[in-house]
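To keep things clear, I will list the structure first and then write my remarks on it.
A short reminder: the numbers here are calculations on the coordinates, not readings from a lab. Remember, predicted model here, so these are calculated numbers, not experimental data. Note that we place each Cβ from the backbone using ideal geometry, even for glycine, and neighbour counts take in every protein chain shown.
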Amino acid sequence: MTPCIKAHLYAGSHNYKSFANIFLFSLHKQGLPNSPIYIKFAEIYKYLNNSMGRILAIDYGKKRTGLAVTDELQIIAGGLTTVDTVSLIDYITSYTAKEKVEKIIVGLPKKMNNEYSENMVRIEPFVNRLRKLLPAIPIEYYDERFTSQLAQRTIIEAGIKKKARQNKALVDEISAVIILQSYLDSRQYNRQI
């Protein structure tokens, strides 16, 4: 492994395209552009550039909305931000113009009796508007029951101080991460069946 690749790995970079560029360049420089590993890695790189996009999750709220996003390989869910709901459409259209988003997951607000909660009257018009603005990106609902409670518990278990735990924006963002990670886990589970 070349020093350049080692340095990139040790830096903890999650930019897979950058790593792939360095790796392919390194192989090419060593005179191995026809080697099986170069050809296979080039195929993977081409696939990543052409077909993989992030998945964006939305925990829609009356005042604030938490957002989470996957990495480009759709493996890890991470918090993106919390946005005032009035500026949510602008934020999402701006984000999708900069980043390749393959799918949007919206938290589906349900009660224990499986009926929709009162927030659904706000979410449905938002999703319909988003579908009109971004017709090329599929939008799916995913059950969001208990995400706020799980987010609160996660914050406590992470050892975050009491004052910081009162930050509702943090709870919204973590709730979006939980929705997205649950979606990713269910997708993986369905592949195994």
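Summarising the amide proton neighbourhood of I76: residues at separation of 5 or more, or on other chains, whose placed amide H is nearer than 5 Å comprise D71.
Which whole-Hz ³J(HN,Hα) couplings does region 94-99 yield from phi under the Karplus relation 6.51 cos²θ - 1.76 cosθ + 1.60, θ = phi - 60°, glycine and proline marked x? Listing the rounded values in order: 5, 5, 5, 6, 8, 10 Hz. The local environment of E99, defined by Cβ-Cβ distances under 12 Å, has a net charge of 0 under the rule Lys, Arg +1 and Asp, Glu -1. Taking each of K63/K110; K62/K103; K110/K161 in turn, the alpha-carbon distance tops 28 angstrom for K110/K161. Restricting to DSSP loop positions (anything but H, G, I, E, B) with no more than 15 other Cβ atoms inside 10 Å of their own Cβ, which trypsin sites (Lys or Arg not before Pro) remain in region 57-131? Within region 57-131, the qualifying trypsin sites (Lys or Arg not before Pro) (loop, at most 15 other Cβ atoms within 10 Å) are K62, K63, K100, K111. Taking Cβ atoms as reference points and 15 Å as the exclusive limit, the residues near T81 contribute a net charge of -1, counting Lys and Arg as +1 and Asp and Glu as -1. Just want to confirm a number: the relative contact order over region 78-151, from Cα pairs under 8 angstrom separated by 6+ residues, in percent. Once normalised by length, the contact order is 38 percent.
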